[in-house]
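In what follows, a structure is listed as structure tokens, so that the remarks can point back to it.
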Amino acid sequence: MTSPTPPTSAADAHKYGVLFVFAAGVLWSTVGLGIRMMEDAVVWQILLYRSISMSLFLYVVIRVRSGESPFVQVRRLGFPAVIAGFSLVAAYSGGIYSIQNTSVANAMLLFATAPFMAAVLGWIILREPVHVATWVAIAVAIGGIAIMVADQSGSIVLKGSLAALGSAFGFAVFTVALRWGRTGEMLPSVFLSGLFAAFVTYGICQFSGLSVSLGIRDGAISMGMGVFQVGAGLILYTLGSRSLPAAELALLSLAEVLLGPVWVWLFLGETASPNTLIGGTVLLAAIAGNAISGKCRKPPPIIAP
């Protein structure tokens, strides 16, 4: 009598899921290093080139993966995909601006508040219940953020921190829009966000007198980030997330937050302030605690607004 194979298959799927999601976090964690390596490019120029390369890359991937045009998929997803796309434009812009104006550690840690913001938005917009443990984690996270920004009053660093929180809010809106549209398929909306970002940033560059041509170094880094840092990371995350529960995804996502400051410290010698380290530790504890408390919980049903 042969032994059943599903447990082995499930174990393999889980193993590869962990590997893929962790690899995605590693790729995403390089955003700070990539932006720090820029010589002259500002946020709108970086985002223009990154968006173009990301959109082209995702167009090919979606065509090969599904056999249909990403525009067909976007049309099928409807209005939620448009909201998701525009929200990512805000997230991208805030993310790049924040890293250019505050430490990578500060920015990456504040990006990590996006799941908490998504929980609150889901509660308000989709009427999804929020577990008590998540409310406690949100309160602890707010305390950590307060510590991180306590010494930044009136400085450009404070603007960078606010931009990082704005970026996290954009990602939260993206998450809620996907749930509103009742789809876990991220690639079409991200493809659309690249198109939106390319048009918006080109217009901003023209209006503000910024050149749309970059040096070879800045252009290559920006386009490389679109393909490898965003595009490839997203594909790995999409593949891996199918076999992992939400709690494990949240814990593995900490790889992005923790590794981002490590790269700039190793390669560029950038360090974080004591307030960032203390507040960031509190924030990471809130994220990890919420993820651990949710390992046995199922996601709530979606109620369309």
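The values are calculated or read from the model by the stated rules, or taken from the named source; none is laboratory data. Since the structure is predicted, the reported quantities are computational estimates derived from the model, not experimental observations. Neighbour counts run over all protein chains shown; Cβ positions are idealised from the backbone, glycine included. Ligands, DNA and RNA are stripped out before the accessible areas are found, and what is left, the full protein with its side chains, is counted by its heavy atoms. Shrake-Rupley method; radii C 1.70, N 1.55, O 1.52, S 1.80 Å.
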Yes/no for Leu266 being open to solvent by 30 Å² or more (accessible area, probe 1.4 Å) and among the hydrophobic types (A, V, I, L, M, F, W, C): yes
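Restricting the search to the stretch 156-211, which residues are more than 20 Å from the chain's Cα centre (by Cα) and within 15 Å of Leu47 (Cβ to Cβ)? Explain how you work it out, then say what you get.
Keep residues of the stretch 156-211 that are more than 20 Å from the chain's Cα centre (by Cα), which gives 156-158, 199, 202-211.
If the condition is that a residue be more than 20 Å from the chain's Cα centre (by Cα) and within 15 Å of Leu47 (Cβ to Cβ), then Phe199, Tyr202, Gly203, Ile204, Cys205, Gln206, Phe207, Ser208, Leu210, Ser211 are the ones that fit.
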If a residue has to be of a type in the set (Phe, Trp, Tyr) and crowded, with 22+ Cβ neighbours inside 10 Å to count, how many in the stretch 21-43 make the cut? 1
Looking only at the stretch 227-237, which residues are buried (at least 24 other Cβ atoms within 10 Å of the Cβ) and over 13 Å from the mean Cα position of the chain (by Cα)? none
Residues located in the stretch 166-212, provided they are open to solvent by 40 Å² or more (accessible area, probe 1.4 Å) and aliphatic (A, V, I, L, M): Leu195, Val200, Ile204, Leu210, Val212
Given (1) over 30 Å from Ile156 (Cα atoms); (2) assigned to a helix (DSSP H, G or I), identify the lone condition not met by Glu68. (2)
Residues that are modelled with pLDDT of 90 or more, among the aliphatic types (A, V, I, L, M) and over 23 Å from Ala84 (Cβ atoms): which helices (runs of 4 or more DSSP H) entirely in the stretch 179-290 hold 2 or more of them? 216-224, 254-268
For Leu56, indicate whether it is open to solvent by less than 30 Å² (accessible area, probe 1.4 Å) and either modelled with pLDDT of 95 or more or not in a helix (DSSP H, G or I) (or both). no
The number of residues in the stretch 1-39 that are more than 30 Å from Asp218 (Cβ to Cβ) and either in a loop (DSSP other than H, G, I, E, B) or modelled with pLDDT of 95 or more (or both) is 5
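Have a look at Ala220, Ala247, Ala255 and point out the one that is without any contact (Cβ under 8 Å) to a residue 60 or more places away in the chain, within 30 Å of Leu277 (Cα to Cα) and either of a type in the set (A, V, I, L, M) or surrounded by 19 or more Cβ atoms within 10 Å (Cβ to Cβ) (or both).
Working: Ala220 fails: within 30 Å of Leu277 (Cα to Cα); Ala255 fails: without any contact (Cβ under 8 Å) to a residue 60 or more places away in the chain.
Residue meeting the stated conditions: Ala247.
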Select, from Gln45, Gln73, the only residue that is modelled with pLDDT under 95, among the polar types (S, T, N, Q) and part of a helix (DSSP H, G or I). Gln73
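To keep it simple, each residue is scored yes or no on (1) among the acidic types (Asp, Glu); (2) under 28 Å from Tyr202 (Cβ atoms).
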position: Ala11; (1), (2): no, no
position: Gly17; (1), (2): no, no
position: Phe22; (1), (2): no, no
position: Glu39; (1), (2): yes, yes
position: Ile46; (1), (2): no, yes
position: Leu56; (1), (2): no, yes
position: Val82; (1), (2): no, yes
position: Gly85; (1), (2): no, yes
Sole exception among (1) farther than 20 Å from Glu256 by Cβ; (2) open to solvent by less than 60 Å² (accessible area, probe 1.4 Å) for Gly95, by number: (1)
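Listed here are the residues, each with its yes/no results for (1) without any contact (Cβ under 8 Å) to a residue 60 or more places away in the chain; (2) touching a Ser or Thr at 6+ places or on another chain (Cβ under 6 Å); (3) on the phi > 0 side of the Ramachandran plot.
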| site | (1), (2), (3) |
| --- | --- |
| Ala163 | no, yes, no |
| Thr175 | no, no, no |
| Trp180 | no, no, no |
| Leu187 | no, no, no |
| Phe199 | yes, no, no |
| Gly203 | yes, no, no |
| Val212 | no, no, no |
